[in-house]
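Q: Got a structure here, written out as C-alpha cells. Questions coming.
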Amino acid sequence: MRLLYKTDCFLWYLRAIAAALFLFSPINRVLPELRDFSRKDMPESPYEPYRDPHRWMVFSVISVVYFFVYFHRVSTSVIVPDLLRAFDTHATALGLMSSMYFYIYALEQPLVGYLTDRWGPVRVIGVWSLVAAAGCFMFGMAPNIFWASVSRAMIGFGVGGVYVPAIKAFSQWFRKKEFSFMIGMLMSVGNFGAVIATTPLAWSVDVWGWRITFFVIGGITLILAFVALVFTRDKKDSETPVPPGKTIREDGPKESTVFHILISERMWLIATIFLGIYGTALTLQGLWATPFLMSALGITRIYASKLNMLIPMGFIIGSPMIGWFCQHFSWSKITTLQVIIAIYTLSWLGMTFYYSWLGAVGLSVMLLGMGMVAGGFISVFWGVIRERTPDKNMGMVSGLLNPAPFLGVAVFQVVTGAILNRTERLDGLYPMSGFTHAFSVCVVIIAVCLGMSFFLRNKH
C-alpha cells in the first residue's frame with residue numbers, strides 16, 4: 001500500500017514538473033542571434049510564424065490529440081478481463097483484436113506523409129481524428145470480437161494520422177533550435193496518456209463500464225477534431241520569409257542516395273533491433289502487464305494497473321535522461337545502445353523467471369527500469385539514425401523505419417496471445433505457467449536483438 005501511495009505521489013510530481021517546464025520554458029524568448037534573417041534583410045512587414053501566438057494553439061491541440069494516441073496503444077491491457085467476459089473469447093482472438101491498431105497504424109504511414117504534404121498537417125489531424133472518434137463509438141457498441149477488431153482498426157487508422165503531421169506542423173511553426181524541445185514535450189504528453197490508460201482507466205471502467213468509457217473518449221476526440229478543423233490553421237509555405245535576391249532551393253533526396261540507405265546492412269540491423277525492443281515493450285505495457293501482475297501477485301486490477309503505470313513513467317524519465325548522458329559523456333551511441341539492450345534483457349529475464357522472488361517491490365522496480373531503458377533506447381536509436389542519415393533524407397528514412405516497431409507489436413501480441421491460449425483460465429485470468437511460456441518468446445527475441453547490436457559499428 002505504501003508503494004502504491006508513493007507511486008501516486010510520484011505521478012503528480014512528474015505532472016507538476018511537466019507543467020513547470022511548459023510554463024517557464026525560454027523558447028518564447030526571441031533572441032536576436034536565433035533569427036534566421038536580420039531585420040534589414042527582411043521584406044517590409046514580413047510574416048514571422050515564430051512570433052505568431054497561434055503556434056501555441058496548434059501545439060496545444062496537437063498535443064492533446066497525441067495524448068489519446070498513446071492512450072489507445074495501451075488501453076486494452078486494463079480491460080482484458082472485461083473483454084474476455086463480454087465477447088466470450090480467448091487470448092488469441094483478443095491479441096489479434098488489439099494488434100489491429102498497430103497493423104493499420106504502421107501500414108498507413110506513407111499515405112499519411114503524402115497527404116500531409118498535399119493537404120497540410122492540421123487538416124490531416126482533424127480528418128483522421130474524426131475516424132478515431134467513430135472507432136471509439138463503434139468499439140463501445142461492439143457486439144462481438146469481430147466488430148471490436150474492426151473498431152480497433154478504425155481507431156488505429158485515426159490516431160495513425162497524428163505523429164507525422166505533428167512533425168511537419170512543428171517544423172513550420174517553431175524554430176530549428178526549438179524543434180527538439182517541442183517534440184520532447186509532445187512525447188511527454190503522449191506518455192502521460194499511457195499513464196492515464198492504467199489506473200484512471202481502470203477506475204473509470206469499474207465505475208461506468210468499459211463501453212461508456214469509450215463513448216466518452218469518442219466524444220472528446222470528436223470535439224478535438226472540430227477544434228483542429230475550425231480553430232487552427234497551417235502555415236503556408238509561401239509565408240516563409242526569404243531575403244531579397246535569394247530563392248528557396250529544392251534539395252530533395254537523390255534516388256541513388258536513398259537506394260544506398262535502403263540496402264545498408266547497418267540500417268536493416270537497426271530496424272530489426274527497433275522492431276524487437278519496442279515491439280516487446282509495447283506488447284507488455286499495452287496488453288499483458290496488468291493481467292500478468294494480477295496473476296503473479298494475486299492483486300486486484302486497480303493495484304495491478306498502478307504498477308503497470310510505472311512503465312510509461314519510466315519512459316518519461318529515461319528518454320531525456322539517457323539522451324542527456326549520451327550528449328555529455330564520451331560513450332558512443334552504439335555502446336550505449338548495447339548497454340541499454342543488455343539491461344533490458346536482464347529485466348525481462350528477472351520478470352519472467354523470478355517474479356515470485358521479486359515480489360511487488362521488486363517487480364515495481366523492474367517495471368520502472370524497463371520503461372526507463374526502453375525510453376532511453378528510443379532516444380539513442382534516433383540519435384544513431386541522425387548520425388548516419390543526410391539531412392535531406394531524414395524524413396524518408398524515418399518514414400521507412402517508423403512502421404517496423406508497430407508491426408513488431410502487432411506480431412508479438414498475436415504470438416503471445418496464442419501461447420497463453422494453450423492454458424486454462426482460472427477466474428478469468430491465465431496461470432503463471434502461460435505467462436512464463438509467452439514471455440520466454442519475448443526473452444529470446446530480445447536476446448537475438450542484443451546479439452545483433454554487436455554487429456553494429458561506430459561511425460568514424
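Q: Tell me the label-point distance for the pair Ser440, Leu426, using the 7 Å Cα-to-Cβ offset, in nm and rounded to one decimal.
A: 1.9
Q: How high is the FRET efficiency from Leu349 to Phe455, r the C-beta distance, R0 25 Å, rounded to 0.05? Could you put the intermediate results ahead of the total?
A: Numbers: r = 22 Å, r/R0 = 0.88.
Result of the calculation: an efficiency of 0.70.
Q: 5 Å is the cut-off here: which amide hydrogens, built 1.01 Å from N in the peptide plane, fall below it relative to Leu429, excluding neighbours closer than 5 in sequence?
A: none
Q: May I ask you to compute the full-extension gain from Arg85 to Val127, defined as 0.36 nm times their residue separation minus their alpha-carbon distance, rounded to one decimal in nm?
A: On the way: separation 42, 0.36 × 42 = 15.12 nm, distance 3.37 nm.
Full extension from Arg85 to Val127 adds 11.8 nm.
Q: Please list, short to long, the whole-number percent of alpha-carbon pairs of segment 119-177 in consecutive 5 angstrom bins beginning at zero.
A: Each 5 Å bin holds this share of Cα pairs: 4, 21, 22, 16, 13, 10, 7, 4, 2, 1.
Q: Which order do Arg152, Arg457, Arg211 fall in if you start with the one that has the fewest other Cβ atoms within 10 Å?
A: With the sparsest Cβ surroundings first, the list reads Arg457, Arg211, Arg152.
Q: Each residue of segment 288-296 in turn: what ³J(HN,Hα) in whole Hz from Karplus with 6.51, -1.76, 1.60 and θ = phi - 60°, glycine and Pro shown as x?
A: Each residue's phi maps through the Karplus curve to give 10, 4, 5, x, 4, 5, 4, 6, 5 Hz.
Q: Kindly put Ser129, Ser295 in sequence by how many other C-beta atoms sit within 10 Å of each C-beta, fewest to most.
A: Working: Ser129 26, Ser295 22.
So the ranking, lowest neighbour count to highest, is Ser295, Ser129.
Q: Note the full-extension length gain between Ala342 and Phe146 as 0.36 nm times their separation in residues minus their Cα-Cα distance, in nm to one decimal. List each step's numbers first, then the result.
A: Working: separation 196, 0.36 × 196 = 70.56 nm, distance 3.91 nm.
Taking 0.36 nm per residue and subtracting the Cα distance, the gain is 66.7 nm.
Q: Another one. According to a simple spin-label model (label point 7 Å from Cα along Cα-to-Cβ), what is the distance in nm between Phe325 and Val216?
A: If labels sit at Val216 and Phe325, their model points lie 3.8 nm apart.
Q: Something else now. What are the ³J(HN,Hα) couplings of segment 425-436, residue after residue, when phi is run through the Karplus curve with 6.51, -1.76, 1.60 and θ = phi - 60°? Round to Hz, x for glycine and proline.
A: Result, ordered by residue: 7, 10, 6, x, 10, 7, x, 5, 4, x, 5, 4 Hz.
Q: While we're on this one: Quick one: Cα convex hull volume of segment 54-242, Å³ per residue?
A: Numbers: hull volume 19.9 nm³, N = 189.
Hull volume normalised by residue count: 105 Å³.
Q: Also, quick follow-up: Counting other beta carbons within 10 Å of each Cβ, put Met138, Met432, Met182 in order, fewest first. Present the calculation step by step, with values, prior to reporting the outcome.
A: Details: Met138 19, Met432 16, Met182 23.
Ordered by Cβ neighbours within 10 Å, fewest first: Met432, Met138, Met182.
FYI, it's all coordinate maths here, none of it is from the lab. On a predicted model such as this, the values are computed, not experimentally measured, just so you know. No Cβ is skipped: glycine too gets one built from the backbone with ideal geometry, and neighbour counts run over all protein chains shown.
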